[in-house]
Amino acid sequence: MKKAIVILASLILLVSTVGLFAEAQSEAGAGKTKLTMYHLLNLTESTAANFTDVMLPMFLEANPDIEIEAEYLFNEPYHNKLQAMSVADTLPDIIFLWPGKRTGHVTGAGKVKDLRPWLSGHEDEFSSMAMAAQGPNGEIWELPEQVTATHVMFTNDKLLADLGLSFPETFDELLASGPVIRDAGLIPIAMDNKDGWEMQSCLASALVERMAGQEWYDNIIQGIGSFTDQGFVDSLQVIKTLTDAEMFSPGINQADYGQALNAFVNEQAVYTIDGGWRANNLVKELTDEQKENVSFRVLPDIAGQKGVSGSTSAVAGTGFGMNANLDADKADQAWKWIWFYSGPVGSKVRQGFGALPAYNLPVPADADLMVKALADFIATTPMTYVLDAVLDAEGMGIFNPGVQEMMMGSKTAEQVAEEYEAWVAANDS
């Protein structure tokens, strides 16, 4: 019922905004193609200007025969409106999408074009992970912008040293360091979780492989096994243990995304757990001296784990796709943007901002330290799945709030697992 209300509200919003896309063609200048774009972008972040003031103007200058009318939303409002547009069949020309099930209600419903006809001959120019099939017949619905590690434990090594600590080798050592860090007036692990996806994507996904093992993870994706199995429950219990030990930011489940990063940049937290995409922010927001003392790590080994030591969760990155209803000429124009953004030109620009593109580019010798650190991390860290990339996205509407309730003490790890298993058994494809 709650989901239906959210979609209905988004559909009502569409009534007032659908004109944005309908007017795009009528307002296009003579001889120009006007494209509408829907992009996931947090305009309140300083890095948003990398897209709005650099990438987009650069493309338009190089393609004077194209105009782009862009709309930006972030987090769940983005996904709610995307689903509403999909239901109403009012999708824009160019759409920011996920390679897995997070936007499966669009990609799996025939609403976007398979990009392989345009991509043909360029596949080897991208990392192998980025070219993984996104559809049942090998379709590529969006061209990945980067390979994304969703679990990175960014570490302020100077703060650790000042406290007489070193990076823990085990989970128990991490817990033991908590009182020392808090007594110094610092946050052990800064995280935000108001929207729920942060804990799921940036910690729980990696913990599932750690505690249950990769074989279990592979099996559960095929419908073999249960989310009530002990390994999955144990992965949730690790989050509960960290919460009860006061290792996370105070008020974590009320914190908007971005607060934890600010705490880390301002040296109020020893660690922050986030995705590799945060290297982009660190390039811009840390001083050169601070960068010398920041390392990219993962949660240390946990007693009883069945998975790989030092592993992270990762996915072929998000990227732009195009509306399935575009005619041939307009599709070719839309491809120009998609190739610009994720191909060699845009990738080099984004690399300078701190991204690690899916397009194969050498890391320049003079690249920012954070870019080099991310490249090393991706190259040397074992990788596993991200939950919302391999399981139906709507199920995260059960899982994510359940984890929040567990953290706040109103549910146990077992209860969260049982409720999620019940939803999956009834709904997941």
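If I ask for residues that are among the small types (Gly, Ala, Ser) and open to solvent by 30 Å² or more (accessible area, probe 1.4 Å), which ones from region 224-236 would you list?
Of everything in region 224-236, just one residue is among the small types (Gly, Ala, Ser) and open to solvent by 30 Å² or more (accessible area, probe 1.4 Å), namely Gly225.
Tell me, please, whether a residue that is more than 17 Å from the chain's Cα centre (by Cα), of a type in the set (D, E, K, R) and under 20 Å from Ser313 (Cα atoms) can be found in region 129-144.
No, region 129-144 contains no residue that is more than 17 Å from the chain's Cα centre (by Cα), of a type in the set (D, E, K, R) and under 20 Å from Ser313 (Cα atoms).
What number of residues within region 304-328 are open to solvent by 10 Å² or more (accessible area, probe 1.4 Å) and modelled with pLDDT of 95 or more?
So the count comes out to 13.
Regarding region 76-87, can at least one residue be identified that is loosely packed, with under 15 Cβ neighbours inside 10 Å and at positive phi?
For region 76-87, residues loosely packed, with under 15 Cβ neighbours inside 10 Å and at positive phi: absent.
Just to be sure before I move on: is Thr36 modelled with pLDDT of 95 or more, of a type in the set (Val, Ile, Thr), in a helix (DSSP H, G or I) and under 20 Å from Leu143 (Cα atoms) in the structure I sent?
Here the answer is no, as Thr36 does not meet what is asked.
Looking at Leu43, Leu60, Leu56, can you tell me which residue is open to solvent by 50 Å² or more (accessible area, probe 1.4 Å), part of a helix (DSSP H, G or I) and not polar (S, T, N, Q)?
Leu60
Every residue in region 275-289 that is of a type in the set (D, E, K, R) and open to solvent by less than 10 Å² (accessible area, probe 1.4 Å), please.
Arg278
For region 90-122, give me each residue that is of a type in the set (D, E, K, R) and at pLDDT below 95.
Of everything in region 90-122, those that are of a type in the set (D, E, K, R) and at pLDDT below 95 turn out to be Lys101, Arg102.
Could you tell me how many of the residues in region 237-256 are open to solvent by 30 Å² or more (accessible area, probe 1.4 Å) and aromatic (Phe, Trp, Tyr)?
Result for region 237-256: 0.
Out of all the residues in region 371-392, is one or more open to solvent by less than 20 Å² (accessible area, probe 1.4 Å) and in contact with an Asp or Glu (Cβ under 8 Å, 6 or more places away or on another chain)?
Scanning region 371-392 turns up at least one residue that is open to solvent by less than 20 Å² (accessible area, probe 1.4 Å) and in contact with an Asp or Glu (Cβ under 8 Å, 6 or more places away or on another chain).
Restricting attention to region 82-93, report how many residues are closer than 20 Å to Leu41 by Cα, touching a Leu at 6+ places or on another chain (Cβ under 6 Å) and outside any loop (DSSP other than H, G, I, E, B).
2
The values are calculated or read from the model by the stated rules, or taken from the named source; none is laboratory data. Predicted model, so just to flag it, every value in this text is computed and none were measured. Neighbour counts are summed over all protein chains in view; Cβ atoms, including those assigned to glycine, are modelled from backbone coordinates with ideal geometry. We work out accessible area using only protein heavy atoms, side chains counted, and drop any ligands, DNA or RNA first. Shrake-Rupley method; radii C 1.70, N 1.55, O 1.52, S 1.80 Å.
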